[in-house]
Amino acid sequence: MQDLKRRAIDVMLGIHLGDALGVPFEMMSRQQILNATGGEGVTRPRFDFDPAARKLHDTRGLPPGSTSDDSQLADATAEGLILAGRYHHELQVLLHLKALWHDVAGWGGTTKLSLYEIDKWYREGRKGFGIHPPPDIRKPKDQKLWAEAVPRDPRHRARPRRNARGNGPSMKVAPIALHMALRGGGGFVTGEALGMILRFSRMTHEDPVCAIAAYAVASAIGVSITEGPKAAKRLLMGHVEAAENTLAYIHPSDGVRFMAALAKALSLADEPEKLWNFGSSGRADSMTTVPMALAIWWRHAEDVEPTAAVLEAINAGGDTDTVASMVGAMMGAAAARPHWWPIEWVDALRDCGARARDLGGRLHDVSTLRHPPDGFDIEDIKRGLGY
């Protein structure tokens, strides 16, 4: 298997592995994780805990080795690139909606509300729809979110919401980074990648800080593939600074800057306890969890194996599955040999990695022009969703 194809697969496997291994511990503090593991922390795939003890109720019914929103949304993003051979915004929107109606275990409120708004826009002409939430929405908290949603044209960016700086765009951006890297990586020089990621991010998160955070993760992945992890580390801050300067005209007035948060996290990269305290304080925030994920990758990027970085991301506590999936994607991009991920880890996934391998291989083949895009009928997808 050629090196680039292997790396594409390892990136997708890294997302699924970090997600699945982190799910049982999501929103636990570091101390709670230590207590649950007899003081040793997470040292291997662990699905032997009572699901009722999980902090996130949505994930308690998931079978061992299952993934959650991180993989679902990254997979949807990859599928859109495979179908179109490029970034097609409405296709991405529809595939996100398809994922939404399939399962919302672990999904963030901002992402769900934004997609409910778009769903209402598509359905607003349907007789009788809009009075009650669809039957697919069973949970009272989701029914409440759906009731609050105001129809929004999918061509328009998400509505501004105070402090809505979630890490949703960062956790699903890896396939876009892969696509750009497999095309040669020039998009990170020309600005094409930033423009694409801004539009992608604002599908659900209006704040440009979320887009810059996602761009930083994409840079780490993309440059690791095209030039190696050492170059990715060297170029990261320059890419983030250029992105912030480019998007300065749409920055929020409160002066929040992702670059400052990233600089803080990187300064703590060699002081893990301090980094973990910083990164888990915001629970699921572009200003805390994403910088921590990047700092963990930064310290481990040139390791001879990828597992220590993913385990650290989980043992830090907080939004364990999302941080671990981001770190997993970045470490996958640094793959230095075949069988980069331990076979016992991959076998611990519910599907033994079949979905990740399939998407990574197909995305490689389409992005490198070895295979034409699978193709799609936008109206057929709409009909399938009831639009």
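Summary table below
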{"quantity": "Asp303 assigned to a helix (DSSP H, G or I) and surrounded by fewer than 16 Cβ atoms within 10 Å (Cβ to Cβ)", "calculated": "no"}
{"quantity": "Lone unmet requirement of (1) open to solvent by 30 Å² or more (accessible area, probe 1.4 Å); (2) assigned to a helix (DSSP H, G or I) for His339", "calculated": "(2)"}
{"quantity": "For Asn35: the one exception among (1) assigned to a helix (DSSP H, G or I); (2) within 27 Å of Pro342 (Cβ to Cβ); (3) open to solvent by less than 50 Å² (accessible area, probe 1.4 Å); (4) without any contact (Cβ under 8 Å) to a residue 40 or more places away in the chain", "calculated": "(3)"}
{"quantity": "Residue in the range 5-17 that is touching a Lys or Arg at 6+ places or on another chain (Cβ under 6 Å) and in contact (Cβ under 8 Å) with a residue 12 or more places away in the chain present", "calculated": "yes"}
{"quantity": "Number of positions in the range 249-263 that are under 22 Å from the mean Cα position of the chain (by Cα) and either in a helix (DSSP H, G or I) or at positive phi (or both)", "calculated": "6"}
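The values are calculated or read from the model by the stated rules, or taken from the named source; none is laboratory data. If you're wondering where the values come from, they're calculated on a predicted model, not measured in any experiment. Here the Cβ is made from the backbone with ideal geometry for all residues, glycine too, and neighbour counts use every protein chain on show. Protein only, heavy atoms only, side chains kept; ligands, DNA and RNA dropped before computing areas. Shrake-Rupley method; radii C 1.70, N 1.55, O 1.52, S 1.80 Å.
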